[in-house]
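One structure below.
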Amino acid sequence: MKPLELALKYMEIFFDGNVEDLSRLFSDEFTFQGPFYEFDSAKDYINALKSDPPQGFEYKIISAFENDSGACLVYEFSKPDISIPMSQLFEVNDGKISKILLVFDTEAFT
């Protein structure tokens, strides 16, 4: 899959709540960095999602683009009482997601 296809597939799986299925998209060197959490492996990231599964969230893509080594999604994230823009930068190596950088203003969550 191309980087943008991988990023959109990630979003589909993440927001459907089938987080175990994410493992097939991730490289062995996967890392995640966000405002609240950081993970150095796909296993740790997926285990964290399984312990607190994403539920009741929705998203609407505002903009999406890719280059040879990655993709970026800007989207409106919403759940009851919260609606904020978020951005995720996906780095891709050998057809797998190797890194995700999640960026958003945390004020709405605190």
So, first residue within 12 Å of residue 5 (Cα to Cα) and surrounded by fewer than 16 Cβ atoms within 10 Å (Cβ to Cβ) in segment 86-101, second residue at pLDDT 95 or above and not hydroxyl-bearing (Ser, Thr, Tyr), Cβ within less than 8 Å, six or more apart or across chains; the pairs are 95/6
Expected single match for of a type outside the set (Ser, Thr, Tyr), surrounded by fewer than 12 Cβ atoms within 10 Å (Cβ to Cβ) and under 13 Å from the mean Cα position of the chain (by Cα) among 28, 16 is 16
Within segment 69-85, the residues that are of a type in the set (Val, Ile, Thr) and in contact with a helix residue (DSSP H, G or I) (Cβ under 9 Å, 6 or more places away or on another chain) are 82, 84
Among (1) touching a residue at least 40 places away in the same chain (Cβ under 8 Å); (2) of a type in the set (Gly, Ala, Ser); (3) not in a strand (DSSP E or B), residue 108 falls short only on (1)
Scanning segment 12-65 for residues that are β-branched (Val, Ile, Thr) and in contact with a Leu (Cβ under 8 Å, 6 or more places away or on another chain), the one modelled with the lowest pLDDT turns out to be 19
Taking segment 50-83 and keeping residues in a loop (DSSP other than H, G, I, E, B) and within 14 Å of the chain's Cα centre (by Cα) leaves 53, 54, 57
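The values are calculated or read from the model by the stated rules, or taken from the named source; none is laboratory data. Being a predicted model, the structure only gives us computed values, none of them experimental. All Cβ positions, glycine included, derive from the backbone under ideal geometry; neighbour counts span all protein chains shown.
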